[in-house]
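Working notes, structure below.
Any read-out appearing in this document is the output of simple, stated calculations on the displayed coordinates, not a laboratory observation. Everything quoted here is computed from the prediction, not taken from an experiment. Every residue, glycine as well, gets a Cβ built from its backbone with ideal geometry; the counts of neighbours run over all protein chains shown.
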There are 4 protein chains.
Amino acid sequence: MHFLSDNTAAAHPDILRAITQANAGHAPGYGADGFTEEAEKLLEAMFDTDVRAFLVTTGTAANALALSAMTPPYGGILCHEEAHINTDECGAPEFFTGAKLIPLPGEHGKLTPAGVKRRLAAFAHGEHQVKPAVLSISNPTESGVLYTPEEVRALADLAHEHDMLLHVDGARFANAVAALDCHPDDLAGRAGVDALTLGATKNGALMAEAVLFFRTALAVEFPRRRKRAGQLVSKSRYLGVQFVAWLRDDLWLELALHANAMARLLSARLEAVEAADIATPVQTNMVFAWLPRKLHEALVEEGAEYYCWREEHERVLARLVCSWQTTEEEVEAFATALARHVGAG
Amino acid sequence: MHFLSDNTAAAHPDILRAITQANAGHAPGYGADGFTEEAEKLLEAMFDTDVRAFLVTTGTAANALALSAMTPPYGGILCHEEAHINTDECGAPEFFTGAKLIPLPGEHGKLTPAGVKRRLAAFAHGEHQVKPAVLSISNPTESGVLYTPEEVRALADLAHEHDMLLHVDGARFANAVAALDCHPDDLAGRAGVDALTLGATKNGALMAEAVLFFRTALAVEFPRRRKRAGQLVSKSRYLGVQFVAWLRDDLWLELALHANAMARLLSARLEAVEAADIATPVQTNMVFAWLPRKLHEALVEEGAEYYCWREEHERVLARLVCSWQTTEEEVEAFATALARHVGAG
Amino acid sequence: MHFLSDNTAAAHPDILRAITQANAGHAPGYGADGFTEEAEKLLEAMFDTDVRAFLVTTGTAANALALSAMTPPYGGILCHEEAHINTDECGAPEFFTGAKLIPLPGEHGKLTPAGVKRRLAAFAHGEHQVKPAVLSISNPTESGVLYTPEEVRALADLAHEHDMLLHVDGARFANAVAALDCHPDDLAGRAGVDALTLGATKNGALMAEAVLFFRTALAVEFPRRRKRAGQLVSKSRYLGVQFVAWLRDDLWLELALHANAMARLLSARLEAVEAADIATPVQTNMVFAWLPRKLHEALVEEGAEYYCWREEHERVLARLVCSWQTTEEEVEAFATALARHVGAG
Amino acid sequence: MHFLSDNTAAAHPDILRAITQANAGHAPGYGADGFTEEAEKLLEAMFDTDVRAFLVTTGTAANALALSAMTPPYGGILCHEEAHINTDECGAPEFFTGAKLIPLPGEHGKLTPAGVKRRLAAFAHGEHQVKPAVLSISNPTESGVLYTPEEVRALADLAHEHDMLLHVDGARFANAVAALDCHPDDLAGRAGVDALTLGATKNGALMAEAVLFFRTALAVEFPRRRKRAGQLVSKSRYLGVQFVAWLRDDLWLELALHANAMARLLSARLEAVEAADIATPVQTNMVFAWLPRKLHEALVEEGAEYYCWREEHERVLARLVCSWQTTEEEVEAFATALARHVGAG
């Protein structure tokens, strides 16, 4: 019953197999190898609009590096107060950009055009304030909730009207595309997104993240930014081939669809229990549910693993994440444990 | 005839096999998995003195992060003018530390106590100058030349007398230990080294580097530095297991001994040719040789791959690097080509 | 009717006279002159506890530099969301420190121990989050409201319990001391403050700010930080002598008492008018009052100068600041204009 | 006999008088006052080409801020190894820019097109190296030696051919213009200079430096850079009026001519003494002379003040700087002391 995170999962066998196949002979270093080049081309082909792709090793580096190309050091980055870049990256965005993060509130980790506009109105004092330069959203949000293509478009338009750029943290972008049953570009270039950080690690890879620039001018000196940040991998073929396998035959989509389906099943099982209280719309691969503390303790004792997102006196907010590796059996085992303890309670 | 670099080699099969074996079931993220913990313990056991080990993905990140824990932002880092940190990391050390690099001359990439002392004498103007905080050397140097344990000790003592710390860039540390037939700690803790960046990538791994702090106080807040730099890997087991396999049964030593032996063979073959001129003592896995331009062009045409370190009108300085993957056949093929063209010339 | 800010005022004649007297002969550069040394000593004598003083040219530099000595780059600085460091310094604190600002809400710009504790509780995820390192308050706040010695002490204790330091932005510190009729040290060293940025510019000087470290270890390498930030003044005597004159015969206190008294008078005149609505307790030299838009426009047309802190449809929040230069006549002229337009309204 | 530096001099009475006159009534803060605006206009009128001027408080800040607008963080700044930005600013340029300083050798602190070209040739490894972005020279150099308009032009052309910008550290720019008897713009805009930091402090002001952008695009967001660096002065009128007085009736030129003349006289007196050895062409207001150690000690004992630039066993290299305040009497007193001790020796 592993619902701690989608990064506790192993790598998908197809991806590991591809790495093994790539492990033959010599290959030029620092991204000049054929696998990296193929990965970049496949990533660029994943979208309809013109785009430049760069591979890096972690999601934090992907976000911070993308942002560093989007804002001057005297800029401001507007984001949700619960955004990963604001709460879980130990200041990496400030470090890489030199800029200031400006946190905004919003339900389920989402920003709205009205909320952004309200915040921007406070930036009217010229050089005394940073220049709002980037609007950054996570799709899905850290609460697993989606922005539709129209919602992304509206925020992109708003950003551009204010001479800002739109960044999307897509650590779970595959889950968003799978959930919305849309073309990847509907949430990216076509929607006005300027830069997307696209995660494969949480969705079947070992360690593979990409920065994608739809505003291609941002890509021009990005190789130097990546090198300067210690993110240019010498044996890059092992990064590249992960993306090659991930994109081949839409493996990424298959894995994301599965993870989302498991979350739906898990959610259904929780909804069936009166004591549990779904806290957030279940739209991708994450379920947030309030559980009575006693029930929570009983589940943990039985071996259920998940993250306590928040704690109150009598209850805890559980975050349960499904991955490509989650099985129906695991979900049903959890449901059985749930039922048993609710009945007992 | 692949002598371009030791990072064009593939990963050693044992390391890839270990990754495959690690790819089962769930594992805690961000370094709390068993493989990472075992890797850290094995790394710490590789040395006799007390040490703390941290895994990262690239050598540039390892160097820059290690340095960031060793100098205040108003500090100075003395290094050889040809040091990798000064010439090939696109300013990463300045970025991660905020400090100033102070390049020094020296034969074959080596610094001497006398040269360092002379440079330090110029730092006498208080707050107008940065505070010399770190002495950084590469062992072996970027020219493949060694510092003996005694030489490291002398520089460590000098650094400490001046309230500075000693950093060793050990991208090819295994080759140094293999060449000197000493205990790893003879070039590290026992020699007074405060921090070592230890590379496995060039010596058989896919992508695995470590930062080792012999001055353990430097390790206290290093986890936050690593995270802030985007170097905390979520599925860290795939980093950890590489080191586990690399250290098991001294695979690292076996591979380094082989690479060094291949370089010796290559050097012998070049020495036998009057037209070629060995430029630097061949002490590890690299050979630097001046070749007449015509000979160079003929070799390249035959498929020999190596790096032109410097070019003059009538000759080029070739850098030929051997790796764990270099075969005797490759070296002899190169020797044959050499002989043919010299004879023809 | 100049109430725009206390930095639109001229310098006090005594301070200008002192500068003129200092303008004779040669003096050592970079702070080694007698005036700077006397200023440092007088500043240190202003407080009872052991303290180190450093002169700089602007309040933004004073804040950002003080903070840079108090937090590691992976640290967090908790402050009020309306703090000058968060809203009006164009990201200088992030630039100088590399750290992250963490804004908190609170009435009238004030933080409470309960509010700080609540925010700190969210920092429990180790290296994924910055390390809370500094608690920064403004005394008086940007709304002109005071922390009493006991309130400062409570926040200092809380900070120290959490291994944090307390910084006080004292751009208007003189006004606070004057208002509370206490010893300067009651709001500084004795209250547990670790660093204070003390402004003289708004209170009679031309351009003179100081950083004071009550935790003297913070001072050790501060000269290099100041130089590296471009804040070491070569003809420092002109900075030093301003503080000498400002501190001599408690000129600073006299000027601050006057400014506070003028604000009280202004407040009384506004309170007498039903249409005006005092928005914030008037405790120092600033008055915040809601004015009907029509009244506001009429006053501006008559030449009244003040800052519109916030605007609503039918009313504006006026910030009126008194300085050492504000005269009773000015206040009464404003009161007369007010009365006339209210009567007419 | 004060020859320590031109910043040990007082401010010129005309400049102090102007400050006193400016000290009346209220003035808008942060550079919106009439004096600052007039200073900016006068500075812009000092040159023939289009230029934007910004006032700051120190030369180090002026240099570091100007450079920060000229290079991306992954850039390189080529400068002389003895340049003030490389040796005497405690890393401020690295701090403000994030970039890397690349020191070059050259006689008397001067760079030559050939030397710069040679160094640029080493930048051919793409993203592994910083991108050469700025060429920075000091005119006059730290050794008091001049670049002629033609020499500046040649370096500007070279920089521009390599997609770099030319920065001039003009801490003593007035002395250069006075010495070359040329129009200020001959050494600035007309010569292809992109940014000039112009110092008034060493030439009669209290504390007044300017950043001038001849490539006016660099000025667009400079106000935010200045504010973020803590260099936007609230009572800016006191900065502005210094420049107004300094530029009025060419006071700057008169003072610089005088300082240069005093250095020529001093040089002549030293040349007359066989024991002294002029080490550097005396072209502006500085004299470098080798003195036997005994003679040096005797002069110091008599009260002569100057800086020991370098020391050898039997002799010292004395740097003697003249300022607007240096009198013929002072120089002759020094000459007399010199003669006495040489005669005695």
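Take each residue of peptide C:23-31, count the partner chain Cβ atoms within 10 Å of its Cβ, and average: the result is 6. Built from the Cα atoms of the range B:44-184, the convex hull projects on average onto 8.3 nm², one quarter of its surface area. Phi angles of the range A:257-265 translate, via the Karplus equation with coefficients 6.51, -1.76, 1.60 and θ = phi - 60°, into HN-Hα couplings of 4, 4, 4, 5, 4, 4, 5, 4, 4 Hz per residue; Gly and Pro are given as x. For residue D:294, the lysines whose Cα falls under 30 Å of its own Cα, not counting residues fewer than eight places away in the same chain, are B:117. Descending by average beta-carbon neighbour count within 10 Å, the peptides D:237-245, A:1-9, C:131-139 line up as D:237-245, C:131-139, A:1-9, the highest first. When the convex hull of its Cα atoms is viewed from all sides, the protein assembly as shown shows a mean projected area of 53.9 nm². Using alpha carbons only, the radius of gyration of the range A:1-46 set against its Kirkwood radius gives Rg/Rh = 1.11.
Put in order of Cβ neighbour count within 10 Å, fewest first, the listed residues B:33, C:163, D:185 become C:163, D:185, B:33. From zero outward in steps of 5 Å, how is the percent of C-alpha pairs of the range D:271-321 spread across the bins? Values per bin, smallest distances first: 5, 22, 32, 28, 11, 2. Panel note: the C-alpha atoms of the range D:103-177, placed on their principal axes, show extents of 40, 21, 19 Å (largest first).
Once you have a ≥ b ≥ c as the square roots of the Cα gyration tensor eigenvalues for the range D:179-237, tell me rounded if a/c is under 1.5, and otherwise prolate or oblate according to whether a/b is larger than b/c.
Oblate.
Shielding value for C:231-241 is 6, the average number of Cβ atoms from other chains within 10 Å of each residue's Cβ. Cβ-Cβ distance of residue C:37 and residue D:301, R₀ of 25 Å, FRET efficiency by 1/(1 + (r/R0)^6): the value works out to about 0.50.
Between residue D:329 and residue B:183, the simple label model (points 7 Å from Cα in the Cβ direction) yields a spacing of 7.5 nm. For chain D, a Gaussian network of Cα nodes joined below 10 Å ranks D:258, D:128, D:183 by mean-square fluctuation, and the top entry is D:128. Among B:111, B:43, B:120, the residue with the largest mean-square fluctuation in a Gaussian network model of chain B, with springs joining Cα atoms closer than 10 Å, is B:120. Checking the Cα-Cα distances for B:41/B:235; B:227/C:100; A:202/B:235; A:131/C:227 against a 20 Å cut-off, the pairs over it are A:131/C:227. Remark: mean inter-chain Cβ contacts per residue of D:93-103 equal 6, using a 10 Å Cβ-Cβ cutoff to other protein chain atoms. Size estimate for chain C follows the Kirkwood approach: the inverse of mean 1/r over distinct Cα pairs works out to 20.8 Å. Plainly put, the range C:5-91 has a radius of gyration that is 1.03 times its Kirkwood radius, both from alpha-carbon atoms, as the Rg/Rh ratio.
Highest-first packing order for the peptide set A:292-300, A:60-68, D:78-86 is A:60-68, D:78-86, A:292-300, based on the mean count of other beta carbon atoms within 10 Å.
Taken one residue at a time, the phi angles of the range A:72-81 give Karplus couplings (6.51, -1.76, 1.60, θ = phi - 60°) of x, x, 9, x, x, 10, 7, 8, 5, 5 Hz. Gly and Pro are set to x.
Which value results for Rg/Rh of the range A:193-305 when Rg is the Cα radius of gyration and Rh the Kirkwood radius based on the inverse mean 1/r?
Taking Rh as the inverse mean 1/r over Cα pairs, Rg/Rh reads 1.13.
Secondary-structure-derived ellipticity at 222 nm for the protein assembly as shown, considering helices only, amounts to -12000 deg cm²/dmol, per-run term -39500 (n - 2.57) for DSSP H runs with n ≥ 4.
Applying 1/(1 + (r/R0)^6) with R0 = 41 Å to the Cβ-Cβ distance of residue C:48 and residue B:125 gives a FRET efficiency near 0.70.
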